[in-house]
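The values are calculated or read from the model by the stated rules, or taken from the named source; none is laboratory data. All values derive from a computational prediction rather than experimental measurement. With ideal geometry, Cβ positions are generated from the backbone for all residues, glycine too; neighbour counts draw on all protein chains shown. Accessible surface areas use protein heavy atoms only, side chains included; no ligands, DNA or RNA. Shrake-Rupley method; radii C 1.70, N 1.55, O 1.52, S 1.80 Å.
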Amino acid sequence: APDIPPANVKAHLTQLQSIATANGGNRAHGRPGYLASVTYVKNLLDAAGYTTRQQSFTYNGATGYNLIADWPGGDTSDTLMIGAHLDSVTAGPGINDNGSGSMANLEVALAVARTGFQPDRHLRFGWWGAEELGLRGSTAYVNSLTTAQKREITGYLNFDMVGSPNPGYFLYDGDNSDGTGAGPGPAGSAQIEQTLADYFTSIGVPTRGTDFDGRSDYGPFIANGIPAGGIFTGAEGRKTAAQVQLWGGTASTFDPCYHASCDTTANINDTALDRNSDAIAYAVWTLADGGTTTPPG
Ligand code: PHE
Ligand code: ZN
Ligand code: ZN
Ligand code: ZN
Ligand code: CA
């Protein structure tokens with residue numbers, strides 16, 4: 001898998017910050033900064049050779065948008081989807097939540113194009129609207145699919161908050177190995193978790209599980225039996241003393257600017273964003289093409 005250039009991901013975050021600043025300070029559902037964010041991502045993907053589609057939906061009297069981008073080729077009956085919500089709350093620009101996951105995924109998509117990756121599985125990327133209002137965009141997308149179309153999506157990777165300033169490295173607990181929460185994800189979720197875990201093992205970074213608690217866009221996918229996984233670096237919760245031993249940082253909230261006006265480009269841990277971008281690339285390359293690649297150094 002390629003090494004994802006961290007400077008590229010950061011440059012995209014600077015663009016999202018500028019979009020928010022030029023549009024009343026946010027990129028929220030129904031506000032002009034949201035559609036400008038979609039346009040920014042769409043233009044880059046179109047130029048790279050993706051087949052893109054802007055899907056509209058209505059929520060709370062406002063039009064919302066999902067951006068769906070297909071990479072031509074691969075077995076469409078065995079589609080791997082990679083998603084992130086692109087909307088922010090109204091309070092701020094949403095750079096960690098969720099510029100981070102959105103722009104890491106964008107840079108992985110652009111790396112697919114740059115390298116001419118032609119995996120066995122079909123790749124489809126999704127940027128969701130109105131997650132902050134209750135997973136509205138991802139739910140509208142899944143609900144728009146026929147039963148046959150849902151069956152073609154054989155895996156879903158979700159990235160929501162992957163650059164928290166006081167980061168943890170949490171992987172969605174596909175196998176419920178920690179015995180907490182509602183239980184394991186759909187069959188196949190454990191393989192996704194293990195693939196991401198393999199990457200972190202290769203760079204010597206420990207991980208912990210986080211339950212599928214319904215707080216992000218994997219929700220409508222797992223509700224339809226689609227295996228899922230992903231990374232999360234923490235939101236309003238506090239890092240424990242034991243987690244400080246594991247990951248460094250401080251015994252305080254993972255993201256003190258969660259859903260606040262200070263969730264700006266200053267609210268990013270560059271090391272976490274870099275590691276997680278590379279982990280996403282590793283998972284996409286490994287899961288989409290039979291696990292033939294080795295972890296980058
Ligand atoms: N989805 C939450 C938000 O956008 C954050 C979150 C992500 C919480 C992943 C838990 C797990 O505010
Ligand atoms: Zn949020
Ligand atoms: Zn979020
Ligand atoms: Zn687990
Ligand atoms: Ca669990």
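For the reader, a short list of remarks on this structure follows.
- Residue check for Ala197: closer than 25 Å to Lys10 by Cα, open to solvent by 10 Å² or more (accessible area, probe 1.4 Å) and within 13 Å of ligand 4 (Cβ to nearest atom): yes
- Residue in segment 208-231 that is farthest from ligand 2 (Cβ to nearest atom), counting only those that are hydrophobic (A, V, I, L, M, F, W, C) and open to solvent by less than 50 Å² (accessible area, probe 1.4 Å): Ile226
- Each residue in segment 20-42 was checked for being over 20 Å from Ser56 (Cα atoms) and either surrounded by fewer than 21 Cβ atoms within 10 Å (Cβ to Cβ) or touching a His at 6+ places or on another chain (Cβ under 9 Å) (or both), and 5 pass.
- Residue check for Tyr199: modelled with pLDDT of 95 or more, away from ligand 3 (no atom under 16 Å from the Cβ) and aromatic (Phe, Trp, Tyr): yes
- Looking only at segment 120-147, residues that are of a type in the set (A, V, I, L, M, F, W, C), open to solvent by 10 Å² or more (accessible area, probe 1.4 Å) and on the phi < 0 side of the Ramachandran plot come to 3 in all.
- The condition of being at positive phi and not aliphatic (A, V, I, L, M) holds for Gly94.
- Within segment 50-71, being open to solvent by 60 Å² or more (accessible area, probe 1.4 Å) and outside any strand (DSSP E or B) holds for Asn60, Gly61.
- Matching residues, segment 148-169, being open to solvent by less than 10 Å² (accessible area, probe 1.4 Å) and not small (Gly, Ala, Ser): Ile153, Tyr156, Leu157, Asn158, Phe159, Met161, Val162, Tyr169
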